[in-house]
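Peer 1: Have a look at the structure that comes next, please.
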Amino acid sequence: MASERGWTDPTERSLPLAALPRYSPRMNAFAELVFDRPLDHAFSYSVPLELQPQVAVGKRVRCQFGRGEKASIGYVVAAHNTAPEREVKPIDAVLDDEALVDDQLLALTRWMADYYLCGWGQVLHAVVPAGVRGTAGTRNASFVQLLPREQQPTVLPGVTPRQKQLLDALKDRTEPVEMAVLAKEVGCTTAVINALVLKGLIGKFHDRIEKLPATLQAIEDAVEVPHLTEAIPMNADQQAAYAPIRAAIAEGGFRPFLLHGVTGSGKTEIYLQAIQEVIRRGREAIVLVPEISLTPQTIERFRGRCGRVAVLHSNLTEAERASYWRHAATGRVQVVVGARSAVFAPTRNLGLIVIDEEHETSFKQETTPRYHARDVALQRAKLAGVPIILGSATPGLESWHAAHTGASTLLQLPLRVAGRPMPAVQLIDMRHEPRSPGQPRAVGSTLERHMRSALAAKGQAILLLNRRGFSTHIHCPTCGYVSQCLHCDLSLTFHRDRAALVCHYCGWETLPLTQCPKCEGTAIRYQGLGTEKLQAELERLFPQYVVQRMDSDTMTKSGSHQRVLEAFRAGSIHILLGTQMIAKGLDFPNVTLVGVVNADVGLNLPDFRAAERTFQLLAQVAGRAGRGDKPGLVMVQTHTPDHPCIGFAAKHDYTAFADLELAFRREHQYPPYQKMARLIVRSEQQDAAYAFATQLAGSFKTATARSQLAVRVLGPAECPVFKLQDYYRFHFQLQAVESATLHRVLREVLSVSKPTSAVEYQVDVDPYSMM
Ligand code: ADP
Ligand code: ZN
């Protein structure tokens, strides 16, 4: 291969595609850089003269950072001509032709760094897909172009009829054309083109061009026949909810809406019409949905109505991700639908953000930057000055509270569309269920009876059990030994499929026990119920029906999730059982029975959101029943039927639940009444972790007392999961009414607190995991 841009031999004549850098009267002699490290400020560098035309905000540069000799990569966040006071190092190279992020994304990432207390460079590094930073999604291609007469030989060589045809095809083109494309167009081989290059009549050069992902290519091809489906005429409730959204789109400006509509009330229809309105106005929309809802069904619904839709899901290749990013950045995509990270889609003309199932905890990222996509989306909408719709049947209490304190506008859809009733929910008190002889059963006799009649009437059933594996509690009744992970403070789960005991936190595995390692007794008990055991029981109880399990163990291969859902839709699966994966967003008209095997799982976790999560899960799974013409029934097995969150879920009464739960939160000063930050300190040495956690919490107590800030410091204490992956963990919480107060004290203390090398700490602002 010849070098990319430079004359080589006659067949490799180079015509640079990109024009020379445009003349700029104000070159940038200095740049401010941030790095992918936990640092809270930018660093000044000088820009050598020859690099000044290329340096721009949003590009990456190579330079030396710190004492090390090794080159680092920095992001330019400002470029200017004001010399810093002390001498600064020069940058060595500019790595990008185009800025990777525009001003809006730059401002957004900066806000994230401030709010979530991490490095700006760390945020940028996390936000820009790896493929965009590299060259993924592009390929080398050869281009040809007719040379101007003065560059051709003075005496024109003779050409064959084929070659003549090619020259004619090139004559009226002002842009270079890819060789392969030209050959196809004219119907010749590339050898014919190369012959003309050799004769000096046309120039050939190489460049990197973008590869279209197959899905987007399909859209390109279908542009002529968009197959757009008609909007559904909205009912009165939908119209009433849509009117203010439409007005906000017309007016422009930041306007947050909370769309609270029961499952099947037609929320998605409102999103679609709002998006169409935005597209009509020449703008773009971002739609965030939980990863699990990115089904072909959902995607089709958006594609069918909105035209050029890019879908960002987690199992895209780097090249595909990079390609979508570039397409969004150049305005070729009108709607970006995706999970959490789609909030960073680089659309340049954003007109609306929609977040469906806004209460979903999967919108919170649990690694640095520990952001919540809903809060980032709100911030982005603010920066862009556009409306944002948060939609849910069971809004997060933060959003509900915001809608009741005037921070957002509440819109409600209290009824399902087309007069469909909400499914009847029946609580089954497991304390009074007749016990079957022998092994305790997962499916009680009441649930079993209803399943039989639903299946006999050609309906389908969904069964929820939010726990994976076969047995969840392996112990020795003689000495009380409980089988635990070697690296974590957690009991192991028996997975029969893998014939192993598995830690659900760190993935550590060991062989199943037949003998107690402590007392050498051989009466090891395998108790506790997981989805594998439930599946075995269902296959035994209903041998004439097809049973399928859906949890993260069975859904490991990409596409398996979709395949199961398609089979279920087609009716070739009768009973679908699984973890929360099956509870969300699915719309199967033939499901007439939904069973919750154990509603109490998760209710007693040491987490102030335990009740909220249980309510949401029950309400969501109940919403899967009766979505078609046949009415649905939901049966909930529980040992605590009097628990309010189970009772209100059974009555589909979100408002009553929210009132009660908010009263509890207010009383205990939990979010949304106070802002919270959680600090986690960990070390392989328990004493070191404890010492630093105590010291750090002490510094916070001193700082708040000194500046008389109203910040509560709760802890330190051992984390509920004390040992995790060989690290001992302590945590404490900071709480304050104002987020600004919390941030002030966090910045003040953390800037001077440096742990010893054996200890690490993390800050989690607005934490969603308390374990
Ligand atoms: P949600 O998002 O609230 O769960 P959807 O928007 O998915 O509800 O609507 C549920 C079903 O009802 C979908 O099949 C949708 O096409 C249909 N639908 C929505 N609005 C109407 C309407 N006004 N009249 C009839 N059917 C509707
Ligand atoms: Zn473990």
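Peer 1: Taking the range 751-761 as the search range and keeping residues that are surrounded by fewer than 17 Cβ atoms within 10 Å (Cβ to Cβ) and either in contact with a Leu (Cβ under 9 Å, 6 or more places away or on another chain) or polar (S, T, N, Q) (or both), which one is farthest from GLN725 (Cα to Cα)?
Peer 2: Filtering first and then ranking leaves SER751.
Peer 1: For the range 264-279, name all the residues that are more than 10 Å from ligand 1 (Cβ to nearest atom), more than 22 Å from the chain's Cα centre (by Cα) and among the β-branched types (Val, Ile, Thr).
Peer 2: Residues satisfying the conditions are VAL278, ILE279.
Peer 1: So, of the residues in the range 464-498 that are more than 16 Å from ligand 2 (Cβ to nearest atom) and among the hydroxyl-bearing types (Ser, Thr, Tyr), which turns out to be surrounded by the most Cβ atoms within 10 Å (Cβ to Cβ)?
Peer 2: Going through the qualifying residues, I end up with SER471.
Peer 1: Could you list, in sequence order, the residues of the range 343-361 that are outside any loop (DSSP other than H, G, I, E, B) and at pLDDT 95 or above?
Peer 2: Answer for the range 343-361, where residues must be outside any loop (DSSP other than H, G, I, E, B) and at pLDDT 95 or above: VAL343, PHE344, LEU350, GLY351, LEU352, ILE353, VAL354, ILE355, ASP356.
Peer 1: Between a first residue in the range 30-49 that is in contact (Cβ under 8 Å) with a residue 24 or more places away in the chain and within 18 Å of LEU124 (Cβ to Cβ) and a second residue that is of a type in the set (Lys, Arg) and surrounded by fewer than 16 Cβ atoms within 10 Å (Cβ to Cβ), which pairs have beta carbons less than 8 Å apart while being 6 or more apart in sequence or on different chains?
Peer 2: Cβ pairs passing all conditions: ASP40/ARG747; TYR45/LYS89.
Peer 1: So, ARG682, is that one crowded, with 19+ Cβ neighbours inside 10 Å, touching a residue at least 40 places away in the same chain (Cβ under 8 Å), under 19 Å from SER753 (Cβ atoms) and within 16 Å of ligand 2 (Cβ to nearest atom) or not?
Peer 2: yes
Peer 1: Now for a separate question. Would you check which residues across the range 694-729 are in contact (Cβ under 8 Å) with a residue 40 or more places away in the chain, under 25 Å from ALA740 (Cβ atoms) and touching a strand residue (DSSP E or B) at 6+ places or on another chain (Cβ under 7 Å) and list them?
Peer 2: Within the range 694-729, LEU696, PHE700, THR704, ARG712 qualify.
Peer 1: I would also like to ask the following. Do we have ASP429 as in contact (Cβ under 8 Å) with a residue 40 or more places away in the chain, within 16 Å of ligand 2 (Cβ to nearest atom) and of a type outside the set (Ser, Thr, Tyr) here?
Peer 2: Judged against the criteria, ASP429 is not a match.
Peer 1: Also, I was wondering about something else. Restricting to the range 465-507, and then to whatever is assigned to a loop (DSSP other than H, G, I, E, B), more than 28 Å from the chain's Cα centre (by Cα) and among the hydrophobic types (A, V, I, L, M, F, W, C), can you tell me which residue is farthest from ligand 1 (Cβ to nearest atom)?
Peer 2: Restricting to residues being assigned to a loop (DSSP other than H, G, I, E, B), more than 28 Å from the chain's Cα centre (by Cα) and among the hydrophobic types (A, V, I, L, M, F, W, C), the top hit is CYS479.
Residues are listed down the side, and each one gets a yes or a no for (1) surrounded by fewer than 19 Cβ atoms within 10 Å (Cβ to Cβ); (2) farther than 20 Å from LEU350 by Cβ; (3) of a type in the set (D, E, K, R); (4) within 16 Å of ligand 2 (Cβ to nearest atom):
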{"residue": "PRO256", "(1), (2), (3), (4)": "no, no, no, no"}
{"residue": "THR263", "(1), (2), (3), (4)": "no, yes, no, no"}
{"residue": "LYS267", "(1), (2), (3), (4)": "no, yes, yes, no"}
{"residue": "GLN276", "(1), (2), (3), (4)": "yes, no, no, no"}
{"residue": "PRO296", "(1), (2), (3), (4)": "yes, yes, no, no"}
{"residue": "CYS306", "(1), (2), (3), (4)": "no, no, no, no"}
{"residue": "ASN315", "(1), (2), (3), (4)": "yes, yes, no, no"}
{"residue": "TYR324", "(1), (2), (3), (4)": "no, no, no, no"}
{"residue": "HIS327", "(1), (2), (3), (4)": "no, no, no, no"}
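Peer 1: While we're on this one: Being modelled with pLDDT under 85, of a type in the set (D, E, K, R) and in contact with a helix residue (DSSP H, G or I) (Cβ under 8 Å, 6 or more places away or on another chain) is the filter here; which residues of the range 604-650 pass it?
Peer 2: Within the range 604-650, just ARG624 meets the criteria.
Peer 1: Right, ALA442: hydrophobic (A, V, I, L, M, F, W, C) and closer than 23 Å to ASP553 by Cβ or not?
Peer 2: Against the criterion (hydrophobic (A, V, I, L, M, F, W, C) and closer than 23 Å to ASP553 by Cβ), ALA442 qualifies.
Peer 1: Moving to a separate point now. Looking at the structure I just gave you, is ALA461 more than 23 Å from LEU603 (Cα to Cα), crowded, with 20+ Cβ neighbours inside 10 Å and under 31 Å from the mean Cα position of the chain (by Cα)?
Peer 2: For ALA461, the condition - more than 23 Å from LEU603 (Cα to Cα), crowded, with 20+ Cβ neighbours inside 10 Å and under 31 Å from the mean Cα position of the chain (by Cα) - is met.
Peer 1: Looking at (1) within 16 Å of ligand 1 (Cβ to nearest atom); (2) on the phi < 0 side of the Ramachandran plot, find the lone condition where GLY626 falls short.
Peer 2: (2) is the only condition that GLY626 fails.
Peer 1: Does ALA456 satisfy being of a type in the set (A, V, I, L, M, F, W, C), more than 16 Å from ligand 1 (Cβ to nearest atom), farther than 22 Å from TYR545 by Cα and without any contact (Cβ under 8 Å) to a residue 24 or more places away in the chain?
Peer 2: Judged against the criteria, ALA456 is not a match.
Peer 1: What number of residues within the range 564-581 satisfy the criterion of being within 16 Å of ligand 1 (Cβ to nearest atom) and buried (at least 23 other Cβ atoms within 10 Å of the Cβ)?
Peer 2: Number satisfying all stated conditions: 0.
Peer 1: Considering every residue within the range 324-334, establish whether at least one is in contact with a His (Cβ under 9 Å, 6 or more places away or on another chain) and closer than 25 Å to ALA250 by Cβ.
Peer 2: Yes; the residues of the range 324-334 include at least one that is in contact with a His (Cβ under 9 Å, 6 or more places away or on another chain) and closer than 25 Å to ALA250 by Cβ.
Peer 1: Is it the case, given these coordinates, that ASP356 is buried (at least 21 other Cβ atoms within 10 Å of the Cβ), under 22 Å from LEU410 (Cα atoms) and in contact (Cβ under 8 Å) with a residue 24 or more places away in the chain?
Peer 2: yes
Peer 1: Taking into account only those residues within the range 666-679 that are of a type outside the set (S, T, N, Q) and buried (at least 21 other Cβ atoms within 10 Å of the Cβ), which is nearest to LEU413 (Cα to Cα)?
Peer 2: Of everything passing the filter in the range 666-679, MET676 is nearest to LEU413 (Cα to Cα).
Peer 1: Look through the range 564-596, keep the residues that are in contact with a helix residue (DSSP H, G or I) (Cβ under 7 Å, 6 or more places away or on another chain) and among the hydroxyl-bearing types (Ser, Thr, Tyr), and return whichever of them is farthest from THR394 (Cα to Cα).
Peer 2: Once the filter is applied, the top-ranked residue is THR592.
Peer 1: Mind telling me which of the residues ILE299, ILE279 ends up being under 16 Å from GLY559 (Cβ atoms), touching a residue at least 24 places away in the same chain (Cβ under 8 Å) and in a helix (DSSP H, G or I)?
Peer 2: After ruling out the rest, the residue left standing is ILE299.
Peer 1: Filter the range 581-619 for residues that are within 27 Å of MET676 (Cα to Cα) and polar (S, T, N, Q); which is farthest from ligand 2 (Cβ to nearest atom)?
Peer 2: Among those that are within 27 Å of MET676 (Cα to Cα) and polar (S, T, N, Q), it is GLN616.
Peer 1: Look at the range 362-419 and say how many of its residues are of a type in the set (Ser, Thr, Tyr) and not in a loop (DSSP other than H, G, I, E, B).
Peer 2: 4
Peer 1: If MET234 satisfies all but one of (1) within 14 Å of ligand 1 (Cβ to nearest atom); (2) surrounded by fewer than 22 Cβ atoms within 10 Å (Cβ to Cβ); (3) assigned to a helix (DSSP H, G or I), what's the number of the condition it fails?
Peer 2: (3)
Peer 1: Within 16 Å of ligand 2 (Cβ to nearest atom), touching a residue at least 12 places away in the same chain (Cβ under 8 Å), in a strand (DSSP E or B) and surrounded by 20 or more Cβ atoms within 10 Å (Cβ to Cβ) - does that describe any residue in the range 508-531?
Peer 2: Checking the range 508-531: not a single residue is within 16 Å of ligand 2 (Cβ to nearest atom), touching a residue at least 12 places away in the same chain (Cβ under 8 Å), in a strand (DSSP E or B) and surrounded by 20 or more Cβ atoms within 10 Å (Cβ to Cβ).
Peer 1: Ok, one more. The conditions are (1) modelled with pLDDT of 90 or more; (2) more than 14 Å from ligand 1 (Cβ to nearest atom), and ASN315 fails exactly one of them. Which is it?
Peer 2: ASN315 satisfies all of (1) modelled with pLDDT of 90 or more; (2) more than 14 Å from ligand 1 (Cβ to nearest atom) except (1).
Peer 1: Looking only at strands (runs of 3 or more DSSP E) that fall completely inside the range 40-93, which ones have 3 or more residues that are within 30 Å of the chain's Cα centre (by Cα), within 26 Å of VAL132 (Cα to Cα) and at pLDDT below 90?
Peer 2: none
Peer 1: Which residues, counting only those in the range 403-447, are buried (at least 16 other Cβ atoms within 10 Å of the Cβ), of a type outside the set (A, V, I, L, M, F, W, C) and farther than 21 Å from GLU537 by Cα?
Peer 2: Those that are buried (at least 16 other Cβ atoms within 10 Å of the Cβ), of a type outside the set (A, V, I, L, M, F, W, C) and farther than 21 Å from GLU537 by Cα: SER408, THR409, GLN412, ARG416, ARG420, PRO423.
The values are calculated or read from the model by the stated rules, or taken from the named source; none is laboratory data. What you see is a predicted model, and the numbers here were worked out from it, not measured in a lab. Virtual Cβ from ideal backbone geometry, glycine too; neighbours counted across all protein chains shown.
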